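See structure below.
The values are calculated or read from the model by the stated rules, or taken from the named source; none is laboratory data. Fair warning: this is a prediction, and the values are worked out from it, not measured in the lab. Methodologically, a virtual Cβ is constructed for each residue, glycine included, from the backbone with ideal geometry; neighbour enumeration extends over all protein chains shown. SASA here: full protein model, heavy atoms, side chains in, ligands and nucleic acids out. Shrake-Rupley method; radii C 1.70, N 1.55, O 1.52, S 1.80 Å.
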Amino acid sequence: MSQPTLRTLRSPLGRARGMGSAKGGTHHWWMQRVTSVALLPLTLWLVFSLARMPDSTWQQATAWIGRPFNAVLLLAFLAAAFHHTASGLQVVIEDYVRGEMARMGSLLAVKGICALLWLAGSLAVLRIAV
């Protein structure tokens, strides 16, 4: 009779340990939920605020953005929207892009583009508000 190997004596959980990280999924899932909950009131505020000023001039629009309350909410909207977008696209890329290099390149491109767009939007709001 042959000696049982260490692998045959291990439980399924023991064999699965060390095969990959299972830590990031919960945080990622929660962050998508938190940003979507944050985006609900922020989007409603933005839509209703913009709907109240359909015939505004450029000066009136910049004055509206320049108010501290509006500037803070716009910055919060931009942060939540771009974080939510990057997280959602990350899930799509991880599920459907084949090949490690293509997946990594796509993830880096999406995160970079979202970061640059968030930065550009935030700087625009800050330039007007300050």
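Assorted remarks:
- Using alpha-carbon coordinates, inclination of helix 68-96 to the longest axis of the chain, degrees: 30
- Dipole-positive endmost among MET53, ALA71, SER36 within the chain (Cβ charges, Cα centre): SER36
- Using C-alpha pairs under 8 Å with a sequence gap of at least 6, the mean separation divided by the residue count of the chain gives a relative contact order of 30 percent.
- Computed about its Cα centre, the charge dipole of the stretch 31-129 is approximately 160 debye, with only Lys, Arg, Asp and Glu carrying charge at their Cβ.
- Heavy-atom accessible area order for SER87, SER36, largest first, 1.4 Å probe: SER36, SER87
- Using alpha-carbon coordinates, inclination of helix 100-129 to the longest axis of the chain, degrees: 20
- Reduced Cα scattering model of the chain, Debye log10 I(q)/I(0), q = 0.13, 0.18 Å⁻¹: -0.73, -1.05
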